[in-house]
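Asks: Could you have a look at this structure, given as structure tokens, before my questions?
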Amino acid sequence: MKDNRQQILFGFVFGICLVVAAFLIGRRTRPVQIDGGYRVVMGTFARIVVAADSERKARDCIEAGFEELRRIDSLMSDYKADSELSKVNREAFGHPVKVSNELFGILQKSIDFSRLSNGAFDITVGPLVDLWHKAGETNSMPDESVIAATKARVGYEKLILDANAITVRFAVDGMRLDLGGIAKGYSVDMAVEIMKQKGAIAGMVDSGGNIYCFGKPVDKDTWLVGVQDPNIADSVERIADSPDGSGWMVLKLMDYAVATSGDYRRFVTVGGKKVSHIIDTNTAGGANKLAGDTIIAKTALEADALSTAVNVLGPEKGLALIESLAGVECILITAGPEFGVIKSKGADSYIK
Ligand code: AMP
Ligand code: MG
């Protein structure tokens, strides 16, 4: 009788141990997804979400990701006086400036995108960005002669890179590099890399609309990214026929990047005229052929640079460029009042 009770007790305890073990093993294999929320980095909002096999690991990944975004900002910001890029901007006309391999790599990539886009993407655009920024502040149209003189200080062929010495030189006085069209994308790729090294199983990094999604999110089949209609007030109806019918276009992404460029959030008004923060170096004025464009690509750097380039190129040349590239798709919104939607051939497979 006593033996029997002992057996029952033993069986009971053993059963509880089994349940606890199954719970612990289950907990360990099921990833935990943490949303790190939004923080201000690079003058814009950044958000990181990570899935890892523990909450602690996910949080460590998020901190490392934000730290990487900040590190790249301190290297490539053109408004922080102590950044490496600012040193180049101050000194590169006087003498060749030795730079880090990392900054040199981005400058080389920027020139590659200038060549690819026939000069639509051009990081030497700084003086024109400044000119229109000041014009917006004072609300006064710059003189034609001032525009022409500023344009003469712009052009990627005036940027001299020495790959042996790892130096940068300006051919013309008054040049200024602006990595605003590519640095965020690069920083997103780098943050993703670091988080993967730290054990992130899946995640999403968004820096000012430059987004990369990797792995499978917890409790969902794929990452869903809402793209804001660049002209909400004017074209809600058009976007309302996007599949989710919410006034947003929703993209499904896994191990893919997306970037959106447009004049809908950042522009200046000069004499009642809207001037985009994206400059067409051919006209020396704001890009105005597209209200917005969204690029889907394998890296955030590529999506970022191409979204800026296509915004300048406009619907025909922009679409032709994207169709010529493997693994890249686009959704273009043409300038108002039409606000037509143009998609590349493979874009639909990423739209929910
Ligand atoms: P994005 O939002 O990625 O299209 O980048 C726009 C930012 O890139 C602007 O705010 C400028 O800092 C910079 N930029 C403006 N025009 C150009 C251009 N034609 N090529 C490259 N960068 C540009
Ligand atoms: Mg860009």
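Asks: What is the dipole size for the chain, taken about its Cα centre, with +1 at each Lys and Arg Cβ and -1 at each Asp and Glu Cβ, in debye to the nearest 20? Numbers along the way, then the final one.
Replies: Working: 41 positive and 45 negative charges, 216 e Å.
With only Lys, Arg, Asp and Glu charged at Cβ, the dipole is about 1040 debye.
Asks: A follow-up question, please. If you roll a 1.4 angstrom probe over the protein chains with everything in place, what fraction of the accessible area of the stretch 98-194 belongs to carbon and sulfur, to the nearest %? Present the calculation step by step, with values, prior to reporting the outcome.
Replies: Details: 2210 of 4280 Å².
Carbon plus sulfur share of accessible area: 52 percent.
Asks: Continuing with this model, one more query. Gly36: net charge of surrounding residues, Cβ under 10 Å, Lys/Arg +1, Asp/Glu -1, itself excluded? Don't skip to the answer; put the middle values down first.
Replies: Details: positive: Arg39, Arg47, Arg59; negative: Asp35, Glu63.
So the environment of Gly36 carries a net charge of +1.
Asks: Here is a further query. Beta carbons within 10 angstrom, averaged per residue: use that to sort the peptides 39-46, 185-192, highest first.
Replies: On the way: 39-46: 16.6, 185-192: 26.5.
Per-residue Cβ counts within 10 Å, averaged per peptide and sorted highest first, yield 185-192, 39-46.
Asks: On to the next question. Tell me, in nm to one decimal, what length is gained between Ser145 and Ile8 on full extension, where the rule is 0.36 nm per residue of separation less the Cα-Cα distance? Present the calculation step by step, with values, prior to reporting the outcome.
Replies: Numbers: separation 137, 0.36 × 137 = 49.32 nm, distance 9.66 nm.
This chain segment gains 39.7 nm when fully extended.
Asks: Now for a separate question. Could you pull out the pairs from Lys134/Lys196; Lys252/Lys317; Lys151/Lys273; Lys98/Lys273; Lys80/Lys352 whose alpha carbons sit more than 32 Å apart here?
Replies: Those over the limit are Lys134/Lys196; Lys98/Lys273; Lys80/Lys352.
Asks: While we're on this one: Quick check on the chain: helices-only [θ] at 222 nm, where DSSP H runs of length 4 and up contribute -39,500 (n - 2.57) each and the sum goes over total residues. Nearest 500, please.
Replies: Details: 10 runs with 142 residues, N = 352.
-13000 deg cm²/dmol, from helical runs alone.
Asks: Looking only at Cα atoms, what is the convex hull volume of the chain per residue, in Å³?
Replies: Values: hull volume 60.7 nm³, N = 352.
For the chain, the hull spanned by Cα atoms encloses 173 Å³ per residue.
Asks: Using a 1.4 Å probe and counting only protein heavy atoms, arrange Glu157, Glu68 so the residue with the most accessible area comes first.
Replies: Order by accessible area, largest first: Glu157, Glu68.
Asks: Accessible area per residue for the chain in Å², computed with a 1.4 Å probe and the full protein assembly in place, what is it? Walk me through the numbers before you get to the answer.
Replies: Values: 17410 Å² over 352 residues.
Here the per-residue accessible area is 49 Å².
The values are calculated or read from the model by the stated rules, or taken from the named source; none is laboratory data. Note that this is a predicted model, so its numbers are computed, not measured. Neighbour counts are summed over all protein chains in view; Cβ atoms, including those assigned to glycine, are modelled from backbone coordinates with ideal geometry. Please note that ligands, DNA and RNA were not included when accessible areas were found on the heavy atoms of the full protein model with its side chains. Shrake-Rupley method; radii C 1.70, N 1.55, O 1.52, S 1.80 Å.
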